[in-house]
Amino acid sequence: MIAAVQTALDSILGNSPTLNNAGGAGRIFELYIMTGIATEMQNRSFEVWLQRSDGTRVLAGSPNQMFIQRGGAPTGILPASAGPGNASVIGMRRQNGAVWELWNGVQFTGRSGAYHEIDIGLVPGSVGNELRIAGGYPFGRPRVAIECKDAATSGSVDEMRAFVARLYDLTVLTVHQRYLPTPLPTMAISPASPNGPFYTARRTYWDENRHSFNAIARQSGFTAGALAMTAYYGVEGHPSISLNSAGYTTLIQAVSQWIDSQIP
Amino acid sequence: MATVDPRLTPLIETLIASGADWLAVEILSEIRMGRVDEHSEEELKEAREAVETFRKEKTVPPPTLETRQTSVRHLSGDEQIEFAANYAVQRITQNIEMAGASLQKLNEIANRSTAHLGVPSDSARQKADIELRWLDTEGTLNRSQTEEARSNLPALWKSLSEWSNSAREGTQNG
């Protein structure tokens, strides 16, 4: 009887590289959310494109139609000169608007100097362009940060604590300027942040939490008691993310609405 | 923590032998953890609305919500077997379906962005056919592979259901 299970598993896993990898299912979960946001922004009349690691676009009919997701140890942004074989991103902009990049699994540098991986992050395109010159890590906090949890285990208070701590270390406020290696004006993210009020650092954590979209997206739910922290620190809890579920639609609409109404 | 029922051993060994050791670990971890009391959808919706209000109203302080204690219920042996069979098939199904849907969305993005650019060449009139690749994984994933994997799902559902029934009835054999 168990032999029939083995046969079925072998035939399925043979066609699914991600199912043979410990982190594979989690990556597909992240990709499903990332592509959901991107197609919704297209529906909202944003220009959206797939972009290789060398900065070129993936077009229909082009010889290289590979979309590459990160894997293994997370890294920063690799230089464009390393070629198109590293992680892809999704670019977007509203008509006559600034370019933004949706990143997956990139490590950001916090004020402490520690690296923090953000599963899905939205950053100004100029930051991506600058980092692709020589490679490196963004410093600061993306405008959208989504922590993805593709686990059946309920989200615990510890999970919330870890995400809040990550965002805390990534937050750059005007009061931090005297300790920072970056020049004035103080920007929420660097290098090469565009200028303007949307991009400048805020005065307080409350201001920064208000000025960004932060969420934890889970396949399952949240342990009773876990929400107190998310609400206080401006982190939206999105449970029950599965294929075409109501939870998925709610998440995609919430992120997309924030992007559509806020970013330049 | 709960004690894992030894009748799960054949399934755990089979998952490991098939290369889905991560799934075996998840199942064991879930069983040992037990079922915890979760926030209701209504509570989560209220919390999200509170965050939204906090973002919009510049003068209000962040919302504070009442903290609850978590309760845990451990699964019986029969429940563990039923849970493991359902979990394995649902996890694999969900992964394949999400991969297929993601590929479809990537193709949609590439097709629409190509049309947006108004590229006049013949090649640009072709439909996108995106393949997925991972930096630490051998091989790629395309639409035909996800369709092939999907076609084998009914056999997995059937075999796991039969194993679950026989294990709980004490009639399983190699």
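Observations on the model:
- For A:Gly71, distant residues with modelled amide H under 5 Å away: B:Leu135, B:Asp136
- Overall, the anisotropy analysis places the stretch B:12-160 in the oblate class: the square-rooted eigenvalues a ≥ b ≥ c of its C-alpha gyration tensor yield a/c not less than 1.5, with a/b not exceeding b/c.
- Order by protection proxy (mean Cβ within 10 Å, highest first), peptides B:5-12, A:119-126: A:119-126, B:5-12
- At R0 = 60 Å, FRET efficiency that the Cβ-Cβ distance of A:Ala3 and A:Ala98 yields, to 0.05: 0.55
- log10 of Debye I(q)/I(0), alpha-carbon scatterers only, for the stretch A:156-209 at 0.16, 0.26 Å⁻¹: -0.51, -1.03
- Dipole orientation for the stretch A:144-264: of the candidates A:Ile189, A:Ala162, A:Gln253, A:Ile189 has the Cα lying most toward the positive pole (charges on Cβ; Lys, Arg +1; Asp, Glu -1).
- Cross-link pairs exceeding 23 Å between alpha carbons, from the set A:Lys149/B:Lys45; A:Lys149/B:Lys158; B:Lys105/B:Lys127: A:Lys149/B:Lys158.
- Length gained on full extension, A:Ala246 to A:Tyr115, computed as 0.36 nm times the residue gap minus the Cα-Cα distance: 43.8 nm.
- Packing-based exposure ordering (other Cβ within 10 Å, fewest first) of A:Arg166, A:Arg161: A:Arg161, A:Arg166
- Of the Cα atoms belonging to the stretch A:1-113, the radius of gyration and Dmax stand at 17.5, 61 Å.
- Label-to-label distance, B:His116 versus B:Lys45, with points set 7 angstrom from Cα along the beta-carbon direction: 3.3 nm.
- 10 Å Cβ neighbours from other chains, averaged over peptide A:237-244: 4
- Distance from the stretch A:92-157 to the stretch A:220-241 (C-alpha centre basis), Å: 21
- Remark: the protein assembly as shown carries a charge dipole of roughly 1480 debye about the Cα centre, counting +1 on each Lys and Arg Cβ and -1 on each Asp and Glu Cβ.
- Cα long-axis angle, helix A:157-170 against chain A (0 to 90 degrees, to the nearest 10): 40
- Dimensions in Å of the stretch B:75-169 - Rg and Dmax from alpha carbons: 19.6, 66
- Theoretical FRET efficiency, 1/(1+(r/R0)^6), r = Cβ-Cβ of B:Ser166 and B:Lys127, R0 51 Å, to 0.05: 0.65
- For peptide A:81-93, the mean count of partner chain Cβ atoms within 10 Å of a residue's Cβ comes to 1.
- Whole-Å semi-axes of chain A's equivalent ellipsoid (Cα gyration tensor): 30, 24, 18
- Compared with the dominant Cα axis of chain A, that is its longest principal axis, helix A:125-134 is turned about 80°.
- Percent antiparallel among DSSP beta bridges (both partners in chain A, rounded to 5): 65
Quick note: the coordinates plus some simple rules give every number you see, no bench work behind them. In this text, all values refer to a predicted model and were calculated from it rather than measured experimentally. Virtual Cβ from ideal backbone geometry, glycine too; neighbours counted across all protein chains shown.
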